[in-house]
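A quick write-up on the structure given underneath.
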Amino acid sequence: MLRWETHLHQLRDYILLFLLLSFSLILINLNSNPQVRWLHGFSLNLIGNLQNTMHFWGKVRQLENENDELRSRVADLTYKNSLMQEAYLSNIRLRNLLKYKKSSSFKLVTAVVIGQNYHGFSHALLINSGKKQGLEEKLPVLSSDGLVGKIALIGSHYAVVQPLDDVNFRVSAMIQRNRVVGIFTPGKSGKYFLNYVPIQSNVKKGDVVVTSGYSNVFPKGIKIGVVTQVGAAKNKLFKKIEVTPGVQTERVENVFVVLKKAR
């Protein structure tokens, strides 16, 4: 569109220049008295100035068109680079998932997170696997980085996952190093805690927290996160243990669902 407008502007300018040159030739052929010669000089200056102006604005339009084309090429290259970067990162994620699936002792079904929903402190994930893929309610959901949550609702080809950052999520957990047991819960402050651990228990910053297996839902040994802070609760009976989960559920894209039957 811009090129057509440029051609029209150039055509108009050339027509105007042609008319002025024709007028000048007519004056030249009329006679050579002083008045006409003065008119010759005036028309020549006018034509010269006009031609310079046309040349200048023609260059300006040419540069504008070149800039538009360059901006378009930059935008196109930026978009293609973004696609390549996304494909590269997706390839890394899928390789990690495949590696985890091969090394896992669980029977796993892969799924993709296709939607998320927040309502207050409640959070839900929608995945693209359901009953047709062998899924049931309350099956554990995890990623290569650790526990994601559990199946809350099930359909033929889709399922809703209650992730571990949902305010109502609970799981029996333990310190991997010495098997100290507690209950992992999310807090409304955006933090996560291992609750009901006796005050005399040996828990240190950096300890890995895994599922305890004392549940009909979660098998033993699934990584939940790492202890980041240890203190005493207000009642002095239990420790106050803060945990950072291994999975950021709002960013997870690919998951595994653990079937009841192990390999």
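Descriptive notes on the structure:
- Qualifying residue in region 214-235 (condition: over 23 Å from residue 166 (Cβ atoms), of a type in the set (S, T, N, Q), over 29 Å from the mean Cα position of the chain (by Cα) and loosely packed, with under 14 Cβ neighbours inside 10 Å): yes
- Total residues in region 236-263 satisfying the condition of being surrounded by fewer than 20 Cβ atoms within 10 Å (Cβ to Cβ) and hydroxyl-bearing (Ser, Thr, Tyr): the figure is 1.
- Test: residue in region 183-196 that is closer than 23 Å to residue 115 by Cα, touching a residue at least 60 places away in the same chain (Cβ under 8 Å) and surrounded by fewer than 17 Cβ atoms within 10 Å (Cβ to Cβ): yes
- The set of residues in region 185-200 being under 19 Å from residue 147 (Cα atoms), part of a strand (DSSP E or B) and not β-branched (Val, Ile, Thr) consists of 186, 192, 193, 194, 195.
- Qualifying residue in region 114-134 (condition: under 26 Å from residue 239 (Cβ atoms), outside the structural domain of residue 241 (by TED's automatic domain parsing) and either among the small types (Gly, Ala, Ser) or in contact with an Asp or Glu (Cβ under 7 Å, 6 or more places away or on another chain) (or both)): no
- Residue within region 158-171 that is touching a helix residue (DSSP H, G or I) at 6+ places or on another chain (Cβ under 6 Å) and in contact (Cβ under 8 Å) with a residue 12 or more places away in the chain present: no
Residues checked against (1) at pLDDT below 95; (2) not acidic (Asp, Glu):
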{"residue": "142", "(1), (2)": "yes, yes"}
{"residue": "152", "(1), (2)": "yes, yes"}
{"residue": "157", "(1), (2)": "yes, yes"}
{"residue": "165", "(1), (2)": "yes, no"}
{"residue": "171", "(1), (2)": "no, yes"}
{"residue": "174", "(1), (2)": "yes, yes"}
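- Residue list for region 229-263, filter: of a type in the set (Gly, Ala, Ser), under 30 Å from residue 118 (Cβ atoms) and in a loop (DSSP other than H, G, I, E, B): 233, 246
- When 135, 125 are checked against the criterion of being surrounded by 20 or more Cβ atoms within 10 Å (Cβ to Cβ) and not in a loop (DSSP other than H, G, I, E, B), a single residue qualifies: 125.
The values are calculated or read from the model by the stated rules, or taken from the named source; none is laboratory data. The shown structure was predicted, so the numbers you read here are calculated from the model rather than taken from an experiment. A quick note on method: Cβ atoms are made from the backbone with ideal geometry, for glycine too, and the neighbour counts reach across all protein chains shown.
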